[in-house]
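To start, the structure under review is shown below, and the notes come after it.
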Amino acid sequence: MIPHRYDAVVRLLDGRQPACGTTTVVAVDGPSGSGKSTFADGLAAATGARVLRLDDIYPGWHGLAAAPPMVARALEDVAVGEIGSVDRWSWVHDRPAAPLRVVPGGLLLLDGVGSGAAVIRPFLSALLWVEAPTAARKERALSRDGETYAPYWDVWAGQERRHFRSDGTRHHADLVITTG
């Protein structure tokens, strides 16, 4: 049984065809701390989907803009039935790490800021936007990532604002989910 929280999303997805070859790709986008990962994890548990986290891909604290084209290149391969590859980022060593493999087929959730970017949208069957008030988002993000994130909150938030303003991601969302 699908938890009630995900009913609307499951109904939405039931009416969608794969837009990336045999893979149904769903973006879970929105600003940092809005609850994207929690929502994506619950949706994955409810549907059996795989999750590709953009947090594993951003090339450092100034790398938001670089991630969507990297994901799009991997999805180009997936769309033609090949295994896609995207460079992983080692936050511990502050450098690229072993690539992530993206296998075609089934339901794939993209979790992260920029996952619904224009360059990725041709591969998406649905775009979910998750949002929350700024104070709640900041509190969540800092309690989740602690002092590691604190010095970069403003840097990252500035990148998000520029990205969302130029990309208009929220306006392309199939469903808007507001968390507390």
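The values are calculated or read from the model by the stated rules, or taken from the named source; none is laboratory data. Everything quoted here is computed from the prediction, not taken from an experiment. All Cβ positions, glycine included, derive from the backbone under ideal geometry; neighbour counts span all protein chains shown. The protein model used for the area step is the full one, side chains on, heavy atoms only, and it has no ligands, DNA or RNA in it. Shrake-Rupley method; radii C 1.70, N 1.55, O 1.52, S 1.80 Å.
Scanning segment 13-37 for residues that are free of Cβ contacts under 8 Å to residues at least 60 places away in the same chain and not acidic (D, E) turns up just one, G15. Which ranges mark the helices (runs of 4 or more DSSP H) fully within segment 61-177 that have 2 or more residues being farther than 26 Å from G42 by Cα and open to solvent by 40 Å² or more (accessible area, probe 1.4 Å)? Result: 67-79, 153-167. Scanning segment 1-17 for residues that are more than 17 Å from A173 (Cα to Cα) and either basic (K, R) or modelled with pLDDT of 90 or more (or both) yields a single hit, R5. Taking every residue in segment 69-89 that is over 10 Å from F123 (Cβ atoms) and pairing it with any residue that is among the aromatic types (F, W, Y), at least 6 positions away or on another chain, the pairs with Cβ-Cβ distances below 8 Å are W89/Y58.
Counting only residues that are in contact with a strand residue (DSSP E or B) (Cβ under 7 Å, 6 or more places away or on another chain), under 18 Å from R88 (Cα atoms) and open to solvent by 20 Å² or more (accessible area, probe 1.4 Å), segment 45-60 holds 5 of them.
This table checks each residue for (1) within 23 Å of P122 (Cβ to Cβ); (2) open to solvent by less than 20 Å² (accessible area, probe 1.4 Å); (3) assigned to a helix (DSSP H, G or I); (4) touching a Cys at 6+ places or on another chain (Cβ under 8 Å).
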| site | (1), (2), (3), (4) |
| --- | --- |
| Q17 | yes, no, no, no |
| V25 | yes, yes, no, no |
| V28 | yes, yes, no, no |
| G33 | no, yes, no, no |
| S37 | no, no, yes, no |
| A40 | yes, yes, yes, no |
| L43 | yes, yes, yes, no |
